[in-house]
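To start, the structure under review is shown below, and the notes come after it.
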Amino acid sequence: MLVSRWAVSLLLVCMALGGCAKPPADHSALAYTRQSGARLTTNAILPGSAPVTQQPMPQRVFSAGSLTGRTLAVASSTDIILRPGEVVLTFDDGPRPGRTDKVLATLDEFGVKATFLMLGSAAQANPRLAQRVAAAGHTVGSHTFGHVDLNTLSRQEALDEIAQGERAVSLALGGAGQALSPFFRFPYLSQSGFLRTSLSQSGLIVLDVTIDSKDYYKESADTVAARTLSRLDAQGSGIVLFHDIHQRTIEMLPAFLAELEERGYSVVRLVPKDPGVFGRDIITAGAPELKGAL
Ligand SMILES: [Zn+2]
């Protein structure tokens, strides 16, 4: 059994390092220190003292203590198979000055890589910031041009909107010689079988969400962090949706990542197996040429 062999090796690594098998549970008493010296308490994340579950949580011993996880090369959505304790961080709707740059700083502090699904309109308006994201080693995909609910458009209009978004992000990155990755996320997660099939046939990789942080709700940063951690604990792994345009997301991210580390999760970096979309004839086969300037 692969899984059990993996678990045994993990346990051995843990034993060798000594002390990563922390007792689960008592979150109210937890405090942790990062190498950077920042000291946080979980009270900031989990108000109250009740843990999510009373059951033992063996998955709290996911890894040997490093938040930096493996790099997963992806050719299609079905390649994204996460092991217990693995988390993919995704940030939609940017780049936005004053926000995205702070997300980058926090991710860098924790040594983890995320995937940014950028809007064509935002990347076009802030090409330097888009380039900074890619230059920092994060994966950049697209999220349409103007954040339209694609189910309100005709099939062709939807495909054009997606293509326009890809082109705009590509152009923004291209200014620094960087390539857009073929990851794509549907705005509002609003999709159709037709669009999924069309994108897949065109080489785009639809990046689904398994844990929605709901950081777009007008709630406190602590509430967003607590909800996301709770869902992660329940599922054991997941692709987490955040938005790098909200102040509460900026505020919750350091404590959230510290808590991920404390609980033994690792952050997986997604990269395309076939990098870049240039030369790929995306979703426009049989369609009229894109109109208008980007
Ligand atoms: Zn969005």
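Coordinate-derived values only; no laboratory data. Values in this document were obtained by computation on a predicted structure and should not be read as measured data. All Cβ positions, even for glycine, are placed from backbone atoms using ideal geometry, and neighbour counts span all protein chains on display.
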Just one listed residue, out of D244, D233, D274, D222, is within 16 Å of the ligand (Cβ to nearest atom) and either out of contact with any Asp or Glu (no Cβ under 6 Å at 6 or more places or on another chain) or acidic (D, E) (or both), and it is D244
Expected single match for under 18 Å from L129 (Cα atoms) and away from the ligand (no atom under 14 Å from the Cβ) among G203, G175 is G175
Note on T139: of the conditions (1) among the β-branched types (V, I, T); (2) within 16 Å of the ligand (Cβ to nearest atom); (3) within 24 Å of L82 (Cβ to Cβ), unmet is (2)
Taking region 108-126 and keeping only residues that are over 26 Å from R263 (Cβ atoms), more than 13 Å from the ligand (Cβ to nearest atom) and in a loop (DSSP other than H, G, I, E, B), one is left with N126
Of the listed residues (E161, E157, E166), the one being free of Cβ contacts under 8 Å to residues at least 40 places away in the same chain, assigned to a helix (DSSP H, G or I) and within 16 Å of the ligand (Cβ to nearest atom) is E161
Within region 188-200, of all residues that are without any contact (Cβ under 8 Å) to a residue 60 or more places away in the chain and outside any loop (DSSP other than H, G, I, E, B), the one nearest to the ligand (Cβ to nearest atom) is Y188
Those residues of region 210-248 which are of a type in the set (D, E, K, R), over 19 Å from R83 (Cβ atoms) and outside any loop (DSSP other than H, G, I, E, B) amount to D212, D222, R227, R248
From the option list G98, G111, single residue qualifying as of a type outside the set (A, V, I, L, M, F, W, C), without any contact (Cβ under 8 Å) to a residue 40 or more places away in the chain, over 13 Å from V240 (Cβ atoms) and surrounded by fewer than 21 Cβ atoms within 10 Å (Cβ to Cβ) is G98
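Here's the yes/no breakdown for (1) part of a loop (DSSP other than H, G, I, E, B); (2) buried (at least 22 other Cβ atoms within 10 Å of the Cβ); (3) of a type in the set (G, A, S):
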site	(1), (2), (3)
R70	no, no, no
A73	no, no, yes
V87	no, yes, no
F91	no, yes, no
K102	no, no, no
T106	no, no, no
Residue hits (region 121-155; farther than 15 Å from V103 by Cβ and in contact with a strand residue (DSSP E or B) (Cβ under 6 Å, 6 or more places away or on another chain)) are G141, S142, H143
Residue pairs qualifying under the 6 Å Cβ cut-off, at least six apart or on distinct chains, with the first in region 130-152 being assigned to a strand (DSSP E or B) and the second being acidic (D, E) and away from the ligand (no atom under 14 Å from the Cβ), are S142/E166
